[in-house]
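Here is the structure we will look at, set down as structure tokens.
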Amino acid sequence: MPGMPFRIQHPTLYKRIVVSHNSVLCLGPSAGVGPSIDRKRVSSFAPSIVSPKSKTKSKKSSASEEPEDFQEDIDLKAFQDHRVNKRLTAEEKLDLYTLMVRIRRFEERAVRGYQQGKIGGFLHDYIGQESVAAGSIPLMEGEDQMITAYRDHGQALAVGMSMKECMAELYGRHTGCSKGKGGSMHFFAPDKHYWGGHGIVGGQTPLGAGLAYALKYRGIKACALCFLGDGAVNQGAFHESLNLAQLFELPVVYIIENNGYSMGTSQDRSSTYVDCLAKRAEGYNMAWDYGNGHLLYEVRARVLEAMERARKKSLPTLLELKTYRYRGHSIADANFEKYRTKEEIKRIRETLDPIMVFQNLLIEEGLLDEDKVKEIDKAARQEALEAAEFADQSPYPPEEEIVTDVYWTTDNPGKHDNQGRIFFND
Ligand SMILES: Cc1ncc(C[n+]2csc(CCOP(=O)(O)OP(=O)(O)O)c2C)c(N)n1
Ligand SMILES: [Mg+2]
């Protein structure tokens, strides 16, 4: 609320100038506008200073241009010593690595199913972005909740949904997590505090505020994670959500998974911004942060700080994590090398692949070796294969189910009046 100190984190991923460890650079709103800024501290664990990438209006870029975002000197070990990572046991670290490998092998198997004509509709894969789900979701505890957009498979596996129920959903089978009626974009598992899977760009952002509102209303100390893409930041609903989240001081963490593209449109062509997208939070007097989403340790550190702000102080945060998708917007996007260069994709794969980076760190930490890497990979491939076989052999939803699970009130007659009264007359 007014007067609240900001916690400002300068973009740390691209155009990095390493000056010294733990030195920081603060940014405030343009001189003369905006509320006062606490310039004392960015973050005790910020590894380096970065030079600002100032930009006030959109610039057209074509696939032939050298993207300015990807020429860096990145500290791949950043945040290794942050308390949230230091407290991890060897087993837990291996679990996080395994989760990323499982997500990738699941997605690859799903792509194959799509190409074989076994999966209809859309299929948006998460390959390249695994560290965001694996770095954030396992930090959920107690009554924490989460919600995301249609690129939802990684988060689903991260909350503990099985490959079988996820793959069956992709195949449109009744054994799927949404009974085969949701498909790729509409995974659901409320019992695991996973509230979807939403196909309308930005549509999940007011719902994310709603989850946080419900927690606060009921006096529960927990937070809601709400993931969105870089393309969703220009939706009106998102800005209404930010306004209400700060106004009501809701315990919500908005995580922009900035993979650089909205379908075939680059961030530069679709958004005006200064430095980064998360800085828009200043317009709502909201805390914000920005980081390298390729690095699992960094994701954990930044997400934890935002979750603690939500849980302990009931305050929202807008956190942007820079990430990348290697394949097309969906598997039907055959032109994914047309709106960006092959070199760009290759460079990210070779230098920042989240699984490769974490694998190297764990090898260095003495927790992984070649045999263990192969073993984890083999198990993940086998699990994905078995999930595809399970999906293939599962039945389609019965005809009579075509009208169920559309409106909650139709499936639960008589209960809606009750719900309404509880909410509005309390
Ligand atoms: C309200 C709305 N407008 C347009 C679309 C079509 N659409 C689907 S995905 C997408 C791009 C979103 O990109 P981004 O938010 O960056 O997510 P990403 O696909 O990169 O994960 C668009 C425009 C939609 N689903 N909903
Ligand atoms: Mg995007």
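Here are some notes:
- Once the C-beta distance of Lys221 and Arg87 is scaled by a Förster radius of 22 Å, the resulting FRET efficiency is 0.60 to the nearest 0.05.
- 3J(HN,Hα) along the stretch 331-340: 5, 7, 7, 7, 9, 5, 9, 8, 8, 7 Hz, from the Karplus curve 6.51 cos²θ - 1.76 cosθ + 1.60 with θ = phi - 60°, whole Hz, x for Gly and Pro.
- Under Karplus coefficients 6.51, -1.76 and 1.60, residue-wise ³J(HN,Hα) of the stretch 77-87 in Hz, glycine/proline x: 9, 3, 6, 4, 9, 5, 4, 5, 9, 5, 7
- The trypsin sites (Lys or Arg not before Pro) of the stretch 178-221 that meet both conditions, a loop assignment by DSSP and at most 12 other Cβ atoms within 10 Å of the site Cβ, are Arg218.
- Of Lys164/Lys192; Lys179/Lys374; Lys93/Lys179, those spanning more than 22 Å from alpha-carbon to alpha-carbon: Lys179/Lys374; Lys93/Lys179
- Across the stretch 237-254, rounded Karplus estimates of 3J(HN,Hα) from the backbone phi angles (6.51 cos²θ - 1.76 cosθ + 1.60, θ = phi - 60°) give 4, 5, 5, 4, 5, 4, 4, 5, 4, 6, 4, 8, 6, 8, x, 10, 10, 8 Hz, Gly and Pro being marked x.
- Coil-residue GluC sites (Glu not before Pro) of the stretch 323-383, DSSP, other Cβ within 10 Å capped at 16: Glu337, Glu365
All of the numbers you see were taken from the coordinates with simple rules; none came from a lab. Since the model is a prediction, treat every value here as computed from it, not as a measurement. FYI the Cβ positions are ideal-geometry reconstructions off the backbone, even for glycines, and counts take in every protein chain you see.
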